[in-house]
1. Which of (1) part of a helix (DSSP H, G or I); (2) touching a Ser or Thr at 6+ places or on another chain (Cβ under 8 Å) is the odd one out, the single condition THR31 does not satisfy?
2. Being of a type in the set (Lys, Arg) and either touching a Gly at 6+ places or on another chain (Cβ under 6 Å) or more than 26 Å from THR80 (Cα to Cα) (or both) is the requirement here; does LYS161 meet it?
3. I'm told THR147 meets every condition in (1) assigned to a helix (DSSP H, G or I); (2) surrounded by fewer than 16 Cβ atoms within 10 Å (Cβ to Cβ); (3) of a type in the set (S, T, N, Q) except one. Can you identify the failing condition by its number?
4. Restrict the check to region 84-101 and report whether at least one residue is within 26 Å of LEU256 (Cβ to Cβ), modelled with pLDDT under 90 and in a helix (DSSP H, G or I).
5. Report yes if GLY268 is assigned by TED's automatic domain parsing to the domain that holds ALA158, modelled with pLDDT under 90 and in contact with a Ser or Thr (Cβ under 7 Å, 6 or more places away or on another chain), otherwise no.
6. Being at pLDDT 90 or above, assigned to a helix (DSSP H, G or I) and polar (S, T, N, Q): is that true of GLN261 here?
7. Need pairs with beta-carbon distance below 8 Å; first residue within 20 Å of MET117 (Cβ to Cβ) and within region 63-76, second among the charged types (D, E, K, R) and surrounded by 12 or more Cβ atoms within 10 Å (Cβ to Cβ); sequence gap 6+ or separate chains.
8. Inspect region 160-167 for any residue being under 23 Å from ALA212 (Cβ atoms) and surrounded by fewer than 17 Cβ atoms within 10 Å (Cβ to Cβ) and give the result as yes or no.
Amino acid sequence: VLAKLKLGTATEIAALAPANLELTFDDSNHTVLRVYLAPVQSHSEQLSGVVMVLQDMTEQSKLDQMRQDFVANVSHELRTPLTTIKSYVETLLDGALADKDLTARFLDVVNEETDRMTRLVRDLLTLSTLDNQKAHQKQPIFLDELTLDVANKMAVAAQQKGLHLGISLPEEVPPVLANSDEIEQVLITVVSNAIKFTPAGGEVMLTMQVDAEKVVILVRDTGIGIPAADLPRIFERFYRVDKARSREMGGTGLGLAIAHQIIEGHGGRMWAESELGQGTVIGFSLPIASARKEAANA
């Protein structure tokens with residue numbers, strides 16, 4: 001640390017503002033330190049030493065970078081549809097309104113882009129609620145009933161895509177303590193993604209497993225798969241494996257991030273397994289109500 005500091009006179013040191021130093025050690029561990037300096041003077045007011053205080057700012061630096069990236073991503077996601085809307089409206093105002101067919105097509109695009117911004121704002125509000133831990137009230141629910149209900153809701157979308165949507169449930173499933181609306185949102189997000197990225201003729205399969213402590217739901221598809229390099233990041237906010245295709249399909253890049261945060265907020269776990277060209281499995285687990293109660297009383 002000292003080697004990176006250029007120390008001067010007592011007056012110069014006293015005038016120094018706190019500074020951040022970025023250090024990388026032999027194990028490639030990147031550390032950010034904030035350095036505070038104060039001069040130590042002798043009776044003759046000569047510089048006899050320096051008091052140095054180091055504050056580890058590594059985590060704060062990461063949070064600051066995440067915040068900056070988040071703002072940049074939100075700005076980009078809003079700017080793209082706004083640019084499209086503005087250009088189409090300007091074209092209409094420049095005289096294209098006289099062409100009824102063209103006007104109808106342009107208004108359809110404007111409507112689609114407006115819906116896209118609405119979805120983005122909705123997802124951002126959901127994230128804000130989850131970040132502030134304003135979770136909705138939880139109560140015992142049966143995941144088999146909820147999963148079957150979601151499968152029925154998504155059946156039309158799968159049929160329109162030319163996919164087989166299957167479901168396999170155990171005979172008996174214990175209740176979990178959860179918010180039904182939030183878990184339904186997770187299921188719809190995961191199943192919807194599986195349908196979007198599975199070509200016609202493929203299959204999306206929902207299965208459920210139960211053990212003494214948890215209920216596990218697996219959504220398996222025969223879609224395009226996810227590259228190994230992208231797999232660890234798919235639950236990050238605004239991360240898209242295929243940016244162009246995701247935007248074309250109306251995705252905000254927040255669905256899986258929201259789903260992951262909901263499951264973790266319920267004391268569960270969410271994960272992904274995939275092989276490029278071989279399909280993807282998205283799974284999540286939730287503790288059964290009795291296991292959660294026993295853990296709380298332990």
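1. Among (1) part of a helix (DSSP H, G or I); (2) touching a Ser or Thr at 6+ places or on another chain (Cβ under 8 Å), the lone unmet condition for THR31 is (1).
2. For LYS161, the condition - of a type in the set (Lys, Arg) and either touching a Gly at 6+ places or on another chain (Cβ under 6 Å) or more than 26 Å from THR80 (Cα to Cα) (or both) - is met.
3. (2)
4. So far as region 84-101 goes, yes, one or more of its residues are within 26 Å of LEU256 (Cβ to Cβ), modelled with pLDDT under 90 and in a helix (DSSP H, G or I).
5. no
6. Yes: the conditions hold for GLN261.
7. Correct list of pairs: PHE70/ARG237; ASN73/ARG237.
8. The answer is no; no qualifying residue exists.
The values are calculated or read from the model by the stated rules, or taken from the named source; none is laboratory data. Fair warning: this is a prediction, and the values are worked out from it, not measured in the lab. All Cβ positions, glycine included, derive from the backbone under ideal geometry; neighbour counts span all protein chains shown.
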